[in-house]
Amino acid sequence: MIKKEMIAMLLAGGQGSRLGVLTAKVAKPAVAFGGKYRIIDFPLSNCINSGIDTVGVLTQYQPLRLNTHIGIGIPWDLDRNIGGVSILPPYEKSSSSEWYTGTANAIYQNINYMETFHPDYVLILSGDHIYKMDYEVMLDYHKDNHADITIAAMPVPIEDASRFGVVITDKDGSILEFQEKPSQPKSNLASMGIYIFSWPVLKKALMDLKDVPGCDFGKHVIPHCHEQGKRLFAYEYNGYWKDVGTLGSYWEANMELIDIIPEFNLYEEFWKIYSNNDIIPPQYIAEQAVIERSIIGDGAEIYGEVRNCVVGAGVTVGTGTVVRDSIIMKDVQIGNGCVIDKAIIAEGARIGDQVTLGIGGAVENRFKPQIYAYGLVTIGENTVVPDGVQVGKNTAISGVTSIEDYPGGLLEGGETLIKAGERV
Amino acid sequence: MRAVGIVLAGGNSHKMKELTHKRAVAAMPIAGSYRAIDFALSNMSNSHIQKVAVLTQYNARSLNEHLNSSKWWDFGRKQGGLYVFTPTITLDNGYWYRGTADAIYQNLDFLKRCHEPYVIITSGDAVYKMDYNKVLEYHIAKKADITVVCKDVEPGEDVSRFGTVKMDGSMRIEEFEEKPMIATSNTISTGIYILRRRQLIDLIEYCAEEERYDFVTDILIRYKNLKRIYGYKIKGYWSNISTVDAYYQTNMDFLRPEVRNDFFKGHPSIYSKVSDLPPAKYNPGASVKNSLVASGCIINGTVENSILFKKIFVGNNCVIKNSIILNDVYLGDNTYIENCIVESRDTIRANARYVGENGVKIVVEKNERYAL
């Protein structure tokens, strides 16, 4: 019989629409992070480091990049004879066929997958946070409390608490009350979206709630179990945990990695983060290059100046180019004589020669002011920016653009340039 | 698949001095992110050769560690795979490999059980990119018994550590001299051979009967008038690393754009074992010029015309010039290193000064590491 004590279900189907053009063609968990990683590498590495070797990854939105990245799980040692990583997209059924309509609905549609492993416990994770966590310690806590559900929670500033699901506990960690995005939070202990369920409890709750439209853990499953009098506990976590849901927080989390001793340290021997490294040669730093306070991925070639940047694998920065305070993802080519300030440039983009990004004052974006803010220039993947153009702040560019798209060679601050055309 | 691969990786080279004290030549780190044997193995994999035997003997621990999984070169197959053969004591043999031919002889059962018609033999200590299928086509077109891959070197270059060949107009090898004191040809053998598997088995068995053990002297040179031995000239970069100077120079060649682009960016890629290190980090005080930097490095000092392998820590005010720092080295503050090769997994104390005055100096301190 196949038997796993705990299996993990990793929710990776979300778009992450607040990342704008960065997630136009990839799901948020597949977005690059920290020079050589993707966001999903963190929960996947946490799983294998915690001794969990069976992980179902639930995909829905733009899964192609995720599928190629995960493959059969070799980088995380999740290529197993029994268990390992399985990609679980929504599928057609004889009676009904539907997309994943909510987090719990997605898990419900994969009850058969979970059942195969006869688990005692199921760990529910989301694929969009940056953190290192030992789920085994959390499981021990769950067992010690004879809990039905354990929710990982961390203290946040009380003014931020209304963005999260908030748990109110007694001194033993037992959850008394649960508030989803409350306007008047009664506690500053925010749910991190990480749950351990005892399998029978999860299974019963999913069956009970199977007809709830858009069935969600925070909104439906947890309150339902709470009403049923199940034993709910909060597992307090005090380490580094970052939700990179907005361009601002994404940029900040990357920039924190270049501190001399970063709070989130990737250089520790303990608790390694694994990723799919398809580019392995060393980076080349040319004679005239200047690099200051940056991290740079494998196979990059730097001929210009790079200051306060996170540069991905296979990137080329041309001669005479200055890049500051920016995130440059994998395989981006930047020409000669450019000046780039505070930009996020997604994978495979090509920036011509003499391009200036991030000039002028911060004008509010006219298209999506909530998304394209923070004074950033955001450039989507495989975008082409022609020679000699200037681009203002709070802007977004996506697609193959040519000089005609820039009136007078300029994209003013607050403008958005999205072209449907694909790169030939 | 039409060929099975054999990589001869048993060798030690006293010309590599301290560098081979702890590893076989085939396990020498190359160009920041690779090991010497990666080139032969990647060439095999890229030529769609799925079954490869690596013959090891001298100090194979480091090499075995590197080969602990066949995944990285895509050899984890049902049809084929990566085999590592070290000499073992058997009922009828108690010897180490007494030569290259003997190494193959001691593993002849492996070759006999293969079904592939051809064998490609290569060494594990050369840096090159090659599609062996092209050589195989040439071998078949020439109706050769053995094809030897050769390389033209600059006239006047010292070839005394190689075998030199002379060919006639049809590329048939007429003369073969092993390690000549005075060279009469500037075409050298690269140690890459192709021949039919049955032919190889016959030659090796006959060799063993006569108690001869070396592939070059006892097969190539001895049979050159009897068998049709042809030369195939390799056009691209090829370099053997088995002396300190050659090793240093081969690494430094990767600072040249044409070499770097060919190996790092050209198709197909060279594969290696993945070490899951974070990106290289440049702290305030870092100044890096014309250098290669591998992943996991943290740089606080000056690096010029050098190669930093994986996981190097360069302390404050350090200066590194024209040097190669092998994997996992910690360089304390104010260290000055010029014209050196710093041996791997070492900790260089602060304020150290090493300069290679007449040629390259090998630095080995073997200090315990307390920092980090």
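For the range B:271-281, a residue qualifies if it is in contact (Cβ under 8 Å) with a residue 60 or more places away in the chain and either among the aromatic types (F, W, Y) or at the interface with chain A (Cβ under 8 Å from one of its Cβ atoms) (or both), and the qualifying residues are B:Y271, B:S272, B:V274.
Just so you know, in the range A:297-321 the residues that are at the interface with chain B (Cβ under 7 Å from one of its Cβ atoms) and in contact (Cβ under 8 Å) with a residue 24 or more places away in the chain include one that is farthest from A:Y131 (Cα to Cα), and it is A:D298. Being in contact with a helix residue (DSSP H, G or I) (Cβ under 7 Å, 6 or more places away or on another chain) and either closer than 24 Å to A:D278 by Cβ or crowded, with 17+ Cβ neighbours inside 10 Å (or both) is a property that A:L376 has.
The set of residues from the range B:285-302 being part of a strand (DSSP E or B) and either more than 7 Å from chain A (Cβ to nearest Cβ) or surrounded by fewer than 23 Cβ atoms within 10 Å (Cβ to Cβ) (or both) comprises B:S287, B:K289, B:I298, B:I299, B:T302. For the range B:262-274, indicate whether the set of residues that are part of a loop (DSSP other than H, G, I, E, B) and buried (at least 22 other Cβ atoms within 10 Å of the Cβ) is non-empty. Among the residues of the range B:262-274, at least one is part of a loop (DSSP other than H, G, I, E, B) and buried (at least 22 other Cβ atoms within 10 Å of the Cβ), which makes the answer yes. Of all positions in the range A:64-77, at least one carries a residue that is more than 11 Å from the chain's Cα centre (by Cα), among the small types (G, A, S) and part of a loop (DSSP other than H, G, I, E, B). Evaluated against (1) within 26 Å of B:V259 (Cα to Cα); (2) more than 14 Å from every other protein chain (Cβ to nearest Cβ), B:H66 falls short on exactly one condition, (2).
If you go through the range B:303-325 and keep only what is buried (at least 18 other Cβ atoms within 10 Å of the Cβ) and either in contact with a Lys or Arg (Cβ under 8 Å, 6 or more places away or on another chain) or facing chain A (nearest Cβ under 10 Å) (or both), you end up with B:V303, B:S306, B:I307, B:L308, B:F309, B:K310, B:K311, B:F313. Being of a type outside the set (F, W, Y), in the same structural domain as B:A9 (by TED's automatic domain parsing) and touching a Ser or Thr at 6+ places or on another chain (Cβ under 9 Å) is a property that B:A60 has. Checked against (1) within 7 Å of another protein chain (Cβ to nearest Cβ); (2) over 14 Å from A:A32 (Cβ atoms); (3) touching a residue at least 60 places away in the same chain (Cβ under 8 Å), A:S294 passes all but condition (3). Residues that are under 18 Å from B:A40 (Cβ atoms) and without any contact (Cβ under 8 Å) to a residue 60 or more places away in the chain do occur in the range B:242-250. I need the full set of residues from the range B:131-162 which are more than 26 Å from B:S45 (Cβ to Cβ) and either in contact with a Gly (Cβ under 8 Å, 6 or more places away or on another chain) or among the hydroxyl-bearing types (S, T, Y) (or both), in order please. Within the range B:131-162, B:S160 is the sole residue that qualifies. B:Y354 passes every criterion in (1) in a strand (DSSP E or B); (2) within 11 Å of chain A (Cβ to nearest Cβ); (3) more than 30 Å from B:K235 (Cβ to Cβ) apart from (2).
The values are calculated or read from the model by the stated rules, or taken from the named source; none is laboratory data. Since this is a predicted model, take the numbers as computed values, not measurements. Cβ sites come from the backbone with ideal geometry, for glycine too, and all protein chains shown count toward neighbours.
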